1. Among what's in the range 160-185 and is out of contact with any strand residue (DSSP E or B) (no Cβ under 8 Å at 6 or more places or on another chain) and assigned by TED's automatic domain parsing to the domain that holds L237, pick the residue that is surrounded by the fewest Cβ atoms within 10 Å (Cβ to Cβ).
2. Against the condition free of Cβ contacts under 8 Å to residues at least 24 places away in the same chain and either of a type in the set (D, E) or closer than 26 Å to Q140 by Cα (or both), how does R210 come out, does it pass?
3. Please work out which residue is nearest to A300 (Cα to Cα), limiting yourself to the range 78-118 and to residues that are basic (K, R) and modelled with pLDDT under 75.
4. Can you tell me which residue within the range 240-254, out of those that are in contact with an Asp or Glu (Cβ under 7 Å, 6 or more places away or on another chain) and closer than 9 Å to H181 by Cα, is surrounded by the most Cβ atoms within 10 Å (Cβ to Cβ)?
5. If you scan the range 253-287, which residues turn out to be outside any loop (DSSP other than H, G, I, E, B) and within 19 Å of the chain's Cα centre (by Cα)?
6. If S243 satisfies all but one of (1) in contact (Cβ under 8 Å) with a residue 40 or more places away in the chain; (2) farther than 19 Å from A132 by Cα; (3) not in a loop (DSSP other than H, G, I, E, B), what's the number of the condition it fails?
7. Yes or no: L163 among the aliphatic types (A, V, I, L, M) and farther than 30 Å from E285 by Cβ?
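The values are calculated or read from the model by the stated rules, or taken from the named source; none is laboratory data. Owing to the predicted nature of the structure, the values given are computational and were not obtained by experimental measurement. Don't worry about glycine lacking a Cβ; one is built from the backbone with ideal geometry, like all the others, and counts go over all protein chains shown.
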Amino acid sequence: MEYVDVMELRNIDYFLTIARAGSLRAAAKALGLTQPALTKAIRRMEDEAGVTFFDRTARGVSLTEYGRSFLRHARALKASMTDATNDIEALRRGTAGRVRIGAGPSWQTRILPEAISAFRDERPAVLIEVHAGLDHTLKQDLRNGTLDLVLAALPEGSEDPDLDGFALLVDNYRVVADRNHPLHGLRKLDFSALLEYPWILPSRSTYLVRRLEVMMRAHGLQPPRAAIETDIVSLELLLMRDSSYLSFHAVDHLAVLGESGIIPLRFADAGWPRQAGIITRHGVEHDAATRRLIDIIVAACLNAPSSPRHMPDLTSA
């Protein structure tokens, strides 16, 4: 299948917006176009490609098999053009490059500060951008080309074929509660007891919450419903103090924060060891600055207590 003729950047934007919105009407509004004009542009792309990218229904549109294949190429092309624009902007501003990092909560207080300091000592002219967020949001920004690398949890299996993940650390996630919570007094955990208390969790779309759901279903139980949804760790911990709230949190992250009031339940089966590391776009050739920062992050992780025994070689990442 030839994509060359349909690869006008304007059409790529149209296609990606429709795929993201799931509706021609919503996509047209986001793009500032009329719906007929957008429909005409997409049909022209489909005619030139000789396939249908979208199935039209009364509820909106969904990607066909051809559309899902084209989506990977469209994201890669858009991200590459974003990279090119950023490189030109860096040259225009007189900086020796720019590295854009997305970091999950636990990375913001460990590994990354040390790595950035070491990198800045070597390459002070390189601009470093650090963006915070939850794993699923950061990965989407990575796909869109607004980030060069992400430090976050690695999904199990092959959920993200367009991304490459390299394990660097193991985060021990456990159900946590205030140190005076009644559950700390149990000798044996009945998992149904976890549903008797309110929970503070990030969005249900996050991989972390989905993993908690798997753990609960493995014990024949429905997953807990959050009483409060937030990805603000400081708020979460403040709300949990002297309260009956439960949450699911990385034990190492609590230690780095110096948090002694919120502690994990002593039951190891109420937990999950999660691999975390560097995530990059598949097939992307990084510039020298990004490669060097990756090397420094890997070195810092090698010295961390939660580093896996066998580390990957990222020198050619």
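1. Looking at the filtered set, the residue picked out is G185.
2. On the way: free of Cβ contacts under 8 Å to residues at least 24 places away in the same chain: yes; either of a type in the set (D, E) or closer than 26 Å to Q140 by Cα (or both): yes.
So R210 passes the test.
3. First pass over the range 78-118, keeping only residues basic (K, R): 78, 92-93, 98, 100, 110.
With the extra rule that they be modelled with pLDDT under 75, the set shrinks to 92-93.
Working: R92: 32, R93: 30 Å.
Top of the filtered list is R93.
4. Going residue by residue through the range 240-254, those that are in contact with an Asp or Glu (Cβ under 7 Å, 6 or more places away or on another chain) are 240-243, 247, 250, 252.
Keeping just the survivors that are closer than 9 Å to H181 by Cα gives 242-243.
Values: D242: 11, S243: 16.
Filtering the range 240-254 for residues that are in contact with an Asp or Glu (Cβ under 7 Å, 6 or more places away or on another chain) and closer than 9 Å to H181 by Cα, the one surrounded by the most Cβ atoms within 10 Å (Cβ to Cβ) comes out as S243.
5. Of all residues in the range 253-287, those outside any loop (DSSP other than H, G, I, E, B) come to 253-256, 262-264, 271-281.
Listed by number, the residues that qualify are H253, W272, P273, R274, Q275, A276, G277, I278, I279, T280, R281.
6. Just one mismatch for S243, condition (3).
7. Numbers: among the aliphatic types (A, V, I, L, M): yes; farther than 30 Å from E285 by Cβ: no.
So L163 fails the test.
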